1. Quick check: anything in region 403-411 in contact with a Leu (Cβ under 8 Å, 6 or more places away or on another chain) and either under 24 Å from T515 (Cα atoms) or outside any loop (DSSP other than H, G, I, E, B) (or both)?
2. Pairs, please: C-beta under 6 Å, at least 6 apart or cross-chain, first residue in contact (Cβ under 8 Å) with a residue 24 or more places away in the chain and over 15 Å from A443 (Cα atoms) and in region 464-490, second among the polar types (S, T, N, Q) and open to solvent by 50 Å² or more (accessible area, probe 1.4 Å)?
3. Could you please find all residues in region 120-140 being surrounded by fewer than 21 Cβ atoms within 10 Å (Cβ to Cβ), in a loop (DSSP other than H, G, I, E, B) and modelled with pLDDT under 95?
4. Hey, I111 hits all of (1) of a type outside the set (S, T, Y); (2) more than 40 Å from the chain's Cα centre (by Cα); (3) open to solvent by 40 Å² or more (accessible area, probe 1.4 Å) but one; which does it fall short on?
5. When both residues are 6+ apart or on different chains and their Cβ atoms are under 9 Å apart, which pairs have a first residue that lies in region 196-210 and is at positive phi and of a type in the set (K, R), and a second that is modelled with pLDDT of 95 or more and assigned to a strand (DSSP E or B)?
6. Output the residues belonging to region 474-510 that are part of a loop (DSSP other than H, G, I, E, B) and more than 24 Å from S562 (Cβ to Cβ).
7. Could you grab me the full set of residues in region 141-174 that are open to solvent by 10 Å² or more (accessible area, probe 1.4 Å), among the hydrophobic types (A, V, I, L, M, F, W, C) and outside any loop (DSSP other than H, G, I, E, B)?
8. Being crowded, with 16+ Cβ neighbours inside 10 Å and assigned to a loop (DSSP other than H, G, I, E, B), is that true of even one residue in region 658-665?
Amino acid sequence: MRKFLQTIFLLNILLESSGQSVGDYKTFASGDWANVSNWSRYNGSTWVNPAPSAPASTDGVTTVDHIMTVSSSITIDQTIISTSGSVELLTGGAITVANGASAIDLEVLGIYKRTATATTLIPTGNVTFQSGSYYIHNASGGTIPICTWNANSILQIDVTVANNEFTESFGNVVFNGSSGCVMGTSTLANFVNTIQGNLTIATTGTVSVSNQSSFGATLTINGNLILNTSGGNFIIDAANSSSNVTKKVIVKGNYQQSNGTFNFTNNTSTAISASTRNAQIDIEGNFEHIGGTITETASDADFFSRINMTKTSGTQLIESIGFSNAAANIINFLVANANAKSIVDVGKTFTQNSATTFTVSASTATPDLDINGTFINKGSTAWTSSGTWAVNNGGTYIHNTLAGISIPLNSATLATGSNFIYRGSSTLNTPFSFSGRTYFNVAFESTSGAWSPTHGAGASPLVVNGLLRVGDGSVNGVSLSQGSFTGTLTFNGDIELKANGTLTCNSFTLASDKTLTMANIASFSLAALSASQTFSLIGTIKEANNNGFSGGATRAISNTNSPTITLGSNATVEFNGSSNQATAGLPSTVPNVNINNTSGVTLSGTVDISTSLILSAGLFTLESNHLTLGTSATINGTPSASNMIVATSTGELRKNYNTTGSFTFPVGDNTGTVEYSPVTLNFTGGTFHPHTWA
C-alpha cells in the first residue's frame, strides 16, 4: 500500500509539471505588462513570482489569464491570451509578434483590444483569433493587422477604422459606438471580401461597402446581416459615378433589421443610363425588416436597386414594415428567385410601399409565395408574376394601390379561410376584380373619406365562398357597386354591410345558414343596380335601420329600381338597432322575427309570423297594427317589463288556433309605470274553423 501511495504522489507531480517548461511565463495579477509583479516564471519545479523580468519573444510559452495593458514597446512570441485573459494596447505601446518556431506565435482565445492610435499590433509571425475571441478596435482611424480569423471570432470596431481595411476574411464583425468605414476603396480592382460569420451594424456611424467609381464590389456574409441601432447607416454603393458596374452584398444567413438605415446608394451622379449601375442584396436566409429604414437615395432615377431572395431549396420567410425610398428611387423585390418558396408567416406582415416593385419568380416550389400572415400591397406598379402565389387559411392580402390586380390574380390560389381586402379612400380608387373570380373572404374598406368602388366590364361569374364585407364600421364610407359587371353573383357565406357601407348589385341569394347584416341606421345598406332584380333572403337578416326594412330610399333595403324581396321559409329578420326602429316594408308574412333592440321596435303594418317571435331585448310596440302569430308559431325569449309586446293602442296581438291548447301572450303596458301583464288562454275544447284567432 505504501509503494502504491508513493506512485500516485509521483504521478501527481508529473501531471502538474507536464504542461510547462523552464522559462514559461503566466500572469499572476492584472496590470501593466512591464510590471514583473504581475508575472510568474516557471523554474522547472514551481512558478516564481515576481518574475525576474517581463516576458519577451526569447522566453518560453507566455499565457495571459488576467487583464493586461501595454504602454511600452514589446516583442512577444509563443503567447496565448486565454479565455479569461485580455491584452489592451494603450497609447505609447507597441506589440511586435515575432515569427518563431511555433505555427501560431500569438493565439487569442480571450480579448485583444487596441486603444492606441499611433501604434498597433505588428504580426511578423502568425496571429490567430480562435472561436469566441475578440479583437476590439478602439483606435480612431487605425488599421487592422493581418491575422488568421476563426469563423466564430469577433472583430468589434468601436470607433472609425481606416478605409480599405477589409482585405481579410474576418469571423464576425460588429460596428459599435459611432464607428464606420468604407470597406473597399481601391481604384485598381473590384472589391471582393467574405465575412465568415455575422456582420452587425450597431453603430451611429456609416459603414459603406464600396466607394469605387469604376469597379464593382461583392461582399459575402456567410452569417447574418444585422442592423439594430438608430442613426446607423449601411450603404452598398457610396460612389458618385455613372460607370456601368454592379455592387452586391450576398447574405447566406438572415437579413435582420430592427433599426438604422440600409441604403442601396447615395450616388449623386445624374448621368446614369438605365439599369447600368446597380446595387443589390442577395439573401439566402430569411428577410426580417421590423424597424429602421430601407431606402435608395440616388440622384438619378436610372440607378437600379434590387433585393433577391436566392435560397436554392426549402423556404424563406419574408417580413417588412415597408421601404422608405422616394417615388423616383424604385427598389425591386424578387421572391423565389432561386427555387426556394417565400413565406409571409402567421402573425407577420410584409408591406410593399409605393416605390417598390414585387416579382414572384417561377421556382420549383408550388406555390412560389405563400401568404399565411398579412401582405399589404401599396406598390405603384402591378406585380410581375411568372410563378404562383397563394393566400392560405388565415392569411390576408390587402390591395391598397392604383396598380392592377387582375393579372396577378390569374396566378393566385385563394384558399378556404383566406382573406382578400380591397382598401381605397376618397383619393385612391383602388381597382378590384370580380369577373371570373372565386374568393373566400373578401372585403372593401376605406382608410380616409368616402370611397365608391365601381366595377367595370365583365360577364364571368363572381363566387364568394366566405364573408363579403363592405366597410369597416368607421366613419369612412364605402359604396360598392357592381357597375357594368353582368356576371352572376354567388354568395355562399355571410354578407356584412357595415355602418357607412352599402352594396348596389343585381340578384343574389342568401343561403339558409348565412347572415345578411345591414348596419346603417338612417340610410340604405342594400340596393338593386337595375330593374327586375330579386334578393332571395333565405337565412338571417340583421338590420339596424330606424326607418324601416325596405320600400324607401332611406330604409335598410332601398326601393331604388324596386327590387323583389323574398324571404325563405325559415328566414329570420332581426331588428338590432341602437334607437327605436320601425318595421316599415317588412313583408306581410315573415317566418321568424327577433326583437333585439333595447330602444324598442315599432310595428309599422300588419304582419303575420308563421314560425316564431323571439323577444331578445326591448319593447315591441304594435301601435295601430295587428300582429298575428300562426297556428304553430311560438314566442321565445324571457319576457319582462323591459322585454315584451306593448298593445295599448288599437293594434292587436293575435294567435291563430286549429286545436285546443294553452298559449301565453307576453303583453304589458308602458303608459306611466311600465308593467308586464301576460295573459294566458287555454282552450280545452270547441270547434276551430280556419283562421280562428284569439
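The values are calculated or read from the model by the stated rules, or taken from the named source; none is laboratory data. Note that the structure is a prediction, hence the values are computed from the model and not measured. Every residue, glycine as well, gets a Cβ built from its backbone with ideal geometry; the counts of neighbours run over all protein chains shown. Just the protein is used for accessible areas: all its heavy atoms, side chains included, with ligands, DNA and RNA removed. Shrake-Rupley method; radii C 1.70, N 1.55, O 1.52, S 1.80 Å.
1. no
2. Once the first residue is in contact (Cβ under 8 Å) with a residue 24 or more places away in the chain and over 15 Å from A443 (Cα atoms) and sits in region 464-490, its partners that are among the polar types (S, T, N, Q) and open to solvent by 50 Å² or more (accessible area, probe 1.4 Å) give G483/T454; G487/S460.
3. Within region 120-140, T120, T124, N138, S140 meet the criteria.
4. In the conditions (1) of a type outside the set (S, T, Y); (2) more than 40 Å from the chain's Cα centre (by Cα); (3) open to solvent by 40 Å² or more (accessible area, probe 1.4 Å), I111 misses (2) alone.
5. Going by the 9 Å Cβ cut-off, there are no qualifying pairs.
6. S474, V475, N476, G477, N492, G493, D494, K498, A499, N500
7. Those that are open to solvent by 10 Å² or more (accessible area, probe 1.4 Å), among the hydrophobic types (A, V, I, L, M, F, W, C) and outside any loop (DSSP other than H, G, I, E, B): W149, I154, V174.
8. no
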